[in-house]
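Heads up: the structure comes next, in C-alpha cells.
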Amino acid sequence: MSPEASTGPRLSAPNLLQELKAAYNGRGSARLNGESTDTLVHIEKLPARQAVFQELAPPLPPPLTRALADRGISQLYSHQVESIEALREGRNIGLVTATASGKTLSFNLPVLETILKEPQATALYIFPTNALMNDQLTTLNGLIANLGEAGAGIRAFKYNGAMADDEKKAIRRSRPNILLTNPELVHLSLTAWHKAWPDFLRNLRYIVIDEVHTYRGVFGSHIAHLLRRLRRACAYYGANPQFICCSATIGNPKELVEKLTGLDNFKIISNDGAGKNERYFVIWQPPTYISESSQAEPVTRSYLEETVDLFKQLVGFKYSTLCFSRLRRYAENMYRMCLEQSGTRQMERVTVYRAGLRPEERVAIERGLKEGEVDGVFSTNALELGVDIGGLDAVIIAGYPGSQMAVWQQAGRAGRGDKDATVFLVASQNPIDQYFLANPTALFNRQPESALLNVENENIARQHLVCMAKELPFNRADLQLYYPPSIIKLAEKLIEEKGLVTRRGYCLYPGEDNPHSRLSLRTSTTRKFQIVNTSTGREIGLIEPPNLYTETHPGAIYTHSGETFRVEKLDEITNKVLVRPEVTNHITSSVARTQIKMDQDSEQRLVEFRPGLPLKIGKGRGEVIEQVYGYRESPLFQRNRRPPDVIDLDRPLTIQSQTELLWLILPPREKFATIAAFDSGLHGLEHLLLGLLPLEVMCDPTDIGSTSDGADILHSAHPTIYLFDSCEGGAGFAHGCYSRIEDLLQLAYSTVKSCRCVAGCPACVQSARCREANDRVSKQGARLILQHLLTA
C-alpha cells in the first residue's frame, strides 16, 4: 500500500514497519563481503512498562489532593514521591528521568504545598527557552485554578525580555509567589537589579532549574557563574533556597548539578516510576550502490534526501511526524527539498521549526502539533525540550545528534498518550552513525555520556566577576565561598588591569555603565552581527563569531525560512552582514587553514600500546588561528563526488581564539617509514578522532575542532594531532577526553577497519567539517598508522 492510497485510521506501528520493509529493503547494489542490503538494519522493540506508584506520607494538603483529582490524577509516581520527601527534608535534588515522566509535578507540588502553608514564600523557575516557559506557565496556572479558593492568592507570572518595561514593573509590584523566567532575565534583572526584588529574594524557598542537561559547554559555564551570583544576591537578603534540578538521563548528574550550583547537598533521584507505551526504534541505512569496477568507490545516498523521502512516506501514512536535524541549515534544506518535491497542497500542513523564528510563529507551530493541525515538522533540537506538543506518531532523527541523551530526548517525543509509536535514526556518513550501523545494539546498551562545563574559563569568568562587583562588592572571603582558587587569581588580575578597583578590601566595578548588557550567556563572545536583507532593509537574523566567518563570508549562500540569500558584504565596523535574495539550489562551504600556538604550561602522560612506540597525550591551553581564505559552491543535490574548485575571498578572514586543547604526539616519523601515505593518513586519523569524540564526551560536533599540520614550534619534530574546543576560553570538551584517549584510539581503529569503502569516505576518514574539502586524506594511511601503534 502506498501512502497516497492510505485511508481510514493509521496503521499500527508493526504494520507500518512491514510496509516500509517491503518498499525499502533490498535497494542498492550487493554489498561488499556479502553484507545485507536492508535499509531497516535493526528494529528494537521497546516494550511497554507499567507505572510504579507510591504513597506520600504525610499526604499533600487537601486542596492539592483535590486539584490533582480534578485533573484525573489519583496516584503519584515513585520518583515524584521521592522528590517531595527529599525536599521536605531540606535537601537539594537532581531529578533524572525520561521525557514525559511527570517531572513538572515533582516541582510544582512541593512548591505549591509550601506556598499554601506560607503565603509569603516564593519560588523561581528557570527555563532555557521562552517556549518552554510559556508552556509551563499554562500548566502551572491550570493547577492553581484547580486549587479553587485555596489558590486564589497564589500569583504566578512569566518574566521575559519580550515584555514591555511597564509590564515588567507591574509584575515586580504584584509580588509574585512563583516567577517563571529564563537565564537572561536572571542575569539582567534579578541579579543586576536585585534591589527591585527585595521581598521576592528574601522569601525565596526554591530555585527550579529545568532541562539542566542543556547547561553544558559554554552555556553551562555561564550558568554556573550566574547561579553563584544569584546565590550571593539571595544571601544578601538572608535567603538560602533549595535547588530542584531536572534533567534527562546523563552520565554524571551529581557532578553536573554540583558544578552548576557550587553546592554539594544534592540527592539524585533516577528511578523512573512513569509508565511507557510500546515503541519501535529503527536504525535506518541509506542504500549504497557499487560500480562494477573494482576500483570505484561505493556511492551512498545522502541521508538528508533519504530522510525527506521517509518523512513524506510517514506523513502519507497519517503518522504525525517530527524530524530532528543537528543544524539549522539541515532543517531548512530538508524543508526546501520537500517543497521542491511535493505539491503545494501536500505542504500546507508541513513546516520548519528552529531558533530565530518570531515568537508567534513558534507558538503557532507548537499549537498546531498539539491540536493536530500540523502533520509534520522539520526541526532543530529546539523542540527536543519539554514543550507540550501532544502525542506524535513518529520521530525521525536525521543523523546521530551528538549524544545518547539527545537520542532519547528526541525519541521521547514519540508515543505520548495510549498509542504505539516509531522512532527512526537515519544514519549519516559520519563515523558515529556508521559505528551504530555496525553495532546496533550498542545504541540501546551504551552508558550515557557526561555533561561537561568549565567554570574556570577565563574569558567567561572575567565577564561575570565584573557583573558580580557591580551587583554587590565582594572580598576574598566571598570568592572563597563560591569559587576555586583560579578565579580568585583572576580577580587579582582584573584589579591589576583596572577592570576592578578595591576599597577597604572590597572589589568594586569602577564604571558608571552597566556591564551586564555586554555579556551574552549563550556564547563566549560579546559580538553580535545583524543579517540584513538589502532589498527590504529588514534584519532577518543574528550571527556571532566564529560562525560569522565560516557561514556568512562574502559570497556565501545563507538560508532563512526556506528562502536563499547571497552575502554581499561583511561589515565589521557596523557589525552587519548584508545579503540579497537569490533563488538558487546551491549551497556553499568555507575553506580554511588552521595553526596552533601552544602555551608552555600543560599536563602530559605517556601511553604505550607497543614497546618502543610511546604516544604522548597532553592537555593545556593555546591559541588557535583559523584563516578562512575561500569557499566552494555546489548543488544542494550533490551527485558528483569531486569537490568544486575553491573560490578565493578578496581578503582572508582570520579567527583567533585562546582555548583548551588536547594533543597526541606520535613517535618520530622514522618509526613510520614503511607507510608511504603518512601525511594524508595523519590527516585521516585526525578526522576519525574528531568524528568519534562525541561518543566519549557529551558535545555537539561543532563544539570541537581539529588540525594535524603540526605548526606548533614545541612539537614540530613529531607528528601531532590537535583537538580543541571551538569556543573562546574552552568549555571542557577536549580536556574531558584526556583520560579516555585509549578508548578513542581503539574505536577509531575498529571503525576504519570495518568501513567498506576503498580509499576513504565520510563514514571513516573524510569529514564534512574539513576546511580543505578532504584533500590529501588517506584511509589506508590512517589504518596503517593505527595498526602500527596499537597492534603487536
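The values are calculated or read from the model by the stated rules, or taken from the named source; none is laboratory data. The model shown is predicted, which means the values in this text are computed figures rather than measured ones. Glycine also receives a Cβ, built like all others from the backbone with ideal geometry; neighbour counts cover every protein chain displayed. Ligands, DNA and RNA are stripped out before the accessible areas are found, and what is left, the full protein with its side chains, is counted by its heavy atoms. Shrake-Rupley method; radii C 1.70, N 1.55, O 1.52, S 1.80 Å.
Scanning the stretch 595-604 for residues that are surrounded by 12 or more Cβ atoms within 10 Å (Cβ to Cβ) and touching a Gly at 6+ places or on another chain (Cβ under 8 Å) yields I596, K597, M598, D599, S602, Q604. Candidates are the residues of the stretch 652-673 that are in contact (Cβ under 8 Å) with a residue 24 or more places away in the chain and over 30 Å from S221 (Cα atoms); the one that is most open to solvent (accessible area, probe 1.4 Å) is R669. For the stretch 580-594, filtering for residues that are assigned to a strand (DSSP E or B), over 19 Å from P652 (Cα atoms) and either open to solvent by less than 30 Å² (accessible area, probe 1.4 Å) or of a type in the set (D, E, K, R) (or both) leaves 1. Any residue in the stretch 321-328 that is in contact (Cβ under 8 Å) with a residue 60 or more places away in the chain, within 22 Å of T39 (Cα to Cα), among the β-branched types (V, I, T) and buried (at least 19 other Cβ atoms within 10 Å of the Cβ)? So far as the stretch 321-328 goes, yes, one or more of its residues are in contact (Cβ under 8 Å) with a residue 60 or more places away in the chain, within 22 Å of T39 (Cα to Cα), among the β-branched types (V, I, T) and buried (at least 19 other Cβ atoms within 10 Å of the Cβ).
Here T249 passes the criteria (1) under 22 Å from the mean Cα position of the chain (by Cα); (2) in a helix (DSSP H, G or I) except the one numbered (2).
Which members of the stretch 401-421 meet the condition of being crowded, with 23+ Cβ neighbours inside 10 Å and more than 23 Å from the chain's Cα centre (by Cα)? Hit for the stretch 401-421 is A421, nothing else.
Applying the condition of being without any contact (Cβ under 8 Å) to a residue 40 or more places away in the chain and of a type in the set (F, W, Y) to the stretch 181-225 and asking which residue is least open to solvent (accessible area, probe 1.4 Å) yields W197.
Condition (residue is open to solvent by less than 10 Å² (accessible area, probe 1.4 Å), under 26 Å from C764 (Cβ atoms) and either at pLDDT below 85 or of a type in the set (D, E) (or both)) applied to the stretch 445-456: is it met by at least one residue? Within the stretch 445-456, one or more residues are open to solvent by less than 10 Å² (accessible area, probe 1.4 Å), under 26 Å from C764 (Cβ atoms) and either at pLDDT below 85 or of a type in the set (D, E) (or both). Residues that are open to solvent by less than 20 Å² (accessible area, probe 1.4 Å) and of a type outside the set (F, W, Y) were ranked within the stretch 351-365; the one that is farthest from the chain's Cα centre (by Cα) is I365. From the residues in the stretch 701-711 that are at pLDDT below 75 and of a type outside the set (G, A, S), which one is surrounded by the most Cβ atoms within 10 Å (Cβ to Cβ)? This residue is P701.
Can you find a residue that is open to solvent by less than 50 Å² (accessible area, probe 1.4 Å), within 30 Å of L745 (Cβ to Cβ) and assigned to a strand (DSSP E or B) anywhere in the stretch 606-614? Yes, the conditions are met somewhere in the stretch 606-614. Any residue at all in the stretch 151-173 that is within 22 Å of S520 (Cβ to Cβ) and part of a helix (DSSP H, G or I)? Yes, the stretch 151-173 has at least one match. For the stretch 511-527, the candidate set comprises residues that are modelled with pLDDT of 75 or more, closer than 16 Å to E184 by Cβ and in a loop (DSSP other than H, G, I, E, B); within that set, the residue that is farthest from the chain's Cα centre (by Cα) is N514.
Looking only at the stretch 470-525, residues that are polar (S, T, N, Q), within 20 Å of S221 (Cα to Cα) and exposed (fewer than 14 other Cβ atoms within 10 Å of the Cβ) come to 3 in all.
Given the structure, is L112 without any contact (Cβ under 8 Å) to a residue 60 or more places away in the chain, surrounded by 21 or more Cβ atoms within 10 Å (Cβ to Cβ) and not in a loop (DSSP other than H, G, I, E, B)?
Numbers: without any contact (Cβ under 8 Å) to a residue 60 or more places away in the chain: yes; surrounded by 21 or more Cβ atoms within 10 Å (Cβ to Cβ): yes; not in a loop (DSSP other than H, G, I, E, B): yes.
For L112, the condition - without any contact (Cβ under 8 Å) to a residue 60 or more places away in the chain, surrounded by 21 or more Cβ atoms within 10 Å (Cβ to Cβ) and not in a loop (DSSP other than H, G, I, E, B) - is met.
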